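Here is the structure we will look at.
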Amino acid sequence: MDRFKQIETFVQVAEAGSLAAAALKEGVSPVILGRRIDALEKRLGIKLMYRSTRRLALSEEGGAFLERCKQLLGDWEMAENEISAGRHAVSGHLIVSAPAAFGRKHVAPHAPAFLRLHPEVQISFNLTDRVVDLVREGYDMGIRIGGSVDPNFVAVKLAQNRRVVCGTPAYFARYGRPKTLEDLARHNCLAFNLQGGQQRGWYFKRQGKLVTIRVTGSLDCNDGELLHRWSLEGIGLGWRSTWEIQRELLSGELETVLDEYALPDYDILAVYPQQRFQPARVRLFIEQLRQIYARPNYWLENT
């Protein structure tokens, strides 16, 4: 039985003056309250009160214990009120991790507007394509694009996104279009190198299953913007997110292939460790990003 509940019941019964009165207030039977006090007395090895359903009398030890319990419950209530107020107060240091290119274009630029609304907040960014350990490295939250999320973390979808294979019309005119995933082996594929995390290959969905295709090319790096630029120059095929190439797709500078195999749920997520009390600065910054990304034409105007 919960120790805190036993103490809370002891104080309620003592202040109400009887088991019946305390039980009526809580909406349970007097028997339940009696069992809680029995368990408390058994655990302490002391008789705290002499009681019946209609009246009670505290023992000498019970009277002294009552004062300590009332102080304990008061301190507990004050602690809860303080932490709850802190949850709603927008202040403190917000430490955010985000992918390098995405963070530069779509996360950090929105920080000044957030700080104008909440001047008591300080924000630090670490923009890296490395997947950081949020807890071990001391981050409040991270921005992730696709991939699996640790079950110990909460993931909030900020915007819809897909991961597609793309190239220029000139590249396709010269080298042809891949028709199957296996055709990628005959193309110059521009991928993140070992430090960037694509050493296992590019991921696709085929017949409802996740498949990995190993790719090779004449160039690789750990910077997404550079890979994007090389794709636009017609050097090879890129495996890019729709958030970063929407403008080029509309203009015809880039075209997608193998769309039937594209990952459909490679969304932009805000991720933070599961915790009972989520600081207001985290909750409100996530909500601000979600609202910004939902604006009509946002991705066309900001890529």
State all residues of segment 14-28 that are open to solvent by 50 Å² or more (accessible area, probe 1.4 Å) and not aliphatic (A, V, I, L, M); if no residue qualifies, say none. E15, K25, E26, G27
Quick one: L227 ticks every box in (1) surrounded by 17 or more Cβ atoms within 10 Å (Cβ to Cβ); (2) touching a residue at least 40 places away in the same chain (Cβ under 8 Å) except a single one, so which number is it? (2)
Pairs where the first residue, in segment 152-164, is closer than 14 Å to R290 by Cβ and the second is β-branched (V, I, T) and outside any strand (DSSP E or B), C-beta under 6 Å, 6+ apart: A155/V149; V156/I286; N161/T242
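Looking only at segment 259-303, which residues are touching a helix residue (DSSP H, G or I) at 6+ places or on another chain (Cβ under 8 Å) and of a type in the set (V, I, T)?
Start the filter on segment 259-303 by keeping residues that are touching a helix residue (DSSP H, G or I) at 6+ places or on another chain (Cβ under 8 Å), which leaves 261, 268, 270, 272, 277-280, 284-285, 288-289, 292-293, 298-300, 302-303.
Matches in segment 259-303: I268, I292, T303.
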Name the strands (runs of 3 or more DSSP E) wholly inside segment 150-242 in which the number of residues that are closer than 20 Å to V132 by Cβ is 2 or more. 153-159
Within segment 20-34, how many residues are part of a helix (DSSP H, G or I) and free of Cβ contacts under 8 Å to residues at least 12 places away in the same chain? 5
Cβ pairs under 9 Å, 6+ apart, first in segment 281-303 and touching a residue at least 24 places away in the same chain (Cβ under 8 Å) and charged (D, E, K, R), second open to solvent by 80 Å² or more (accessible area, probe 1.4 Å) and not in a helix (DSSP H, G or I): R281/E120; R290/K157
T180 versus (1) among the polar types (S, T, N, Q); (2) modelled with pLDDT of 90 or more; (3) open to solvent by less than 40 Å² (accessible area, probe 1.4 Å): which is the lone unmet condition? (3)
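The values are calculated or read from the model by the stated rules, or taken from the named source; none is laboratory data. Everything numeric in this text was worked out from a predicted model, so none of it was measured. When we count neighbours, we look across all protein chains shown, and the Cβ atoms used for this are built from the backbone with ideal geometry, even at glycine. Heads up: the accessible areas ignore ligands, DNA and RNA and are worked out on the full protein's heavy atoms, side chains in. Shrake-Rupley method; radii C 1.70, N 1.55, O 1.52, S 1.80 Å.
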